[in-house]
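All remarks here apply to the structure that follows.
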Amino acid sequence: WMASVILERLPHQPDEVVYGLQAGWMADGRLTGDRPLCADHFQVPFTYYLGDRWIGHYPPGWPTLLALAEPLDAEWAVAPLLRVPWVFALAALGWAVDGRRTAILAAALGATSPLATVLFASRMAHPAAATAIVVAIWLVWPRDGSPRRPWRPVATGVLLAMALAIRPLSAVVAAVAIGTMMLWEMRVGRRPWADLWLATGAGLLATIPTLLA
């Protein structure tokens, strides 16, 4: 409702316009656009011209997600749809941290947050990065008594690489925090060193497409 009625399914920030341009180019199978004929007299903020190419300012992660919705003309709905897994991820992380009450409180705060409501109604990249980071934290949160599952640190590394392709600085901060937590657990003998190498290796490999782009 917020995205459709209040924001009228339209971009309202220069960043959103650039994301839309990049999504359109990616839907056509390209990372950049063609230099427009009016390039010398018309400048979209956060875009640049290099020869015959029109280049967007932002990394390819979020435009790629928007490009998936381009054939349906539903770019406006991508962030709102992410609100559901984000709230569930908050609840799951709350449960892992401190049980059912914390899970309910985390989900309730996420579902009613005015800032989250505005961001998840927009075409900004914050919702996708936030969802990937919360799930990444949940996957490697300490679970006393549960069997070790090597796929969890691997998935965490991949999710952090996805976040890097969406909002790089947010992903770096999250990776430092998660890495510090894992190092402390290994130091006290609660986690094997292999988990850190699995997360790091998977993250570095999954980052290659972003670096190539």
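Annotations
- Criterion violated by residue 45 - all others in (1) touching a residue at least 12 places away in the same chain (Cβ under 8 Å); (2) farther than 18 Å from residue 10 by Cβ; (3) in a loop (DSSP other than H, G, I, E, B); (4) out of contact with any Lys or Arg (no Cβ under 9 Å at 6 or more places or on another chain) satisfied: (2)
- The set of residues in the stretch 15-54 being open to solvent by 40 Å² or more (accessible area, probe 1.4 Å), of a type outside the set (D, E, K, R) and in contact with a strand residue (DSSP E or B) (Cβ under 9 Å, 6 or more places away or on another chain) consists of 17, 21, 31, 43, 46, 48, 49.
- When residue 2 is tested against (1) without any contact (Cβ under 8 Å) to a residue 40 or more places away in the chain; (2) within 16 Å of residue 126 (Cβ to Cβ); (3) touching a helix residue (DSSP H, G or I) at 6+ places or on another chain (Cβ under 8 Å); (4) surrounded by fewer than 18 Cβ atoms within 10 Å (Cβ to Cβ), only condition (1) is not met.
- Residues within the stretch 1-40 that are among the hydroxyl-bearing types (Ser, Thr, Tyr) and part of a loop (DSSP other than H, G, I, E, B), tallied: 1
- Within the stretch 166-210, considering residues that are modelled with pLDDT of 95 or more and not in a helix (DSSP H, G or I), the one least open to solvent (accessible area, probe 1.4 Å): 166
- Within the stretch 169-213, considering residues that are of a type in the set (Ser, Thr, Tyr) and in contact with a Pro (Cβ under 9 Å, 6 or more places away or on another chain), the one farthest from residue 61 (Cα to Cα): 200
Okay, residues lined up against (1) under 18 Å from the mean Cα position of the chain (by Cα); (2) farther than 25 Å from residue 207 by Cα; (3) among the hydroxyl-bearing types (Ser, Thr, Tyr):
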{"residue": "25", "(1), (2), (3)": "no, no, no"}
{"residue": "57", "(1), (2), (3)": "yes, no, no"}
{"residue": "67", "(1), (2), (3)": "yes, no, no"}
{"residue": "73", "(1), (2), (3)": "no, yes, no"}
{"residue": "96", "(1), (2), (3)": "no, yes, no"}
{"residue": "104", "(1), (2), (3)": "no, yes, no"}
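- Only listed residue being closer than 15 Å to residue 3 by Cβ and modelled with pLDDT under 95, chosen from 66, 72, 50, 81: 72
- Long-range neighbours under 6 Å by Cβ, at least six apart or interchain, first residue within 18 Å of residue 33 (Cα to Cα) within the stretch 60-75, second modelled with pLDDT under 95 and assigned to a loop (DSSP other than H, G, I, E, B): 60/213
The values are calculated or read from the model by the stated rules, or taken from the named source; none is laboratory data. Here the structure is a predicted model, which means the values were calculated and not measured. Cβ: placed from backbone, ideal geometry, glycine included. Neighbour counts: every protein chain shown. Just the protein is used for accessible areas: all its heavy atoms, side chains included, with ligands, DNA and RNA removed. Shrake-Rupley method; radii C 1.70, N 1.55, O 1.52, S 1.80 Å.
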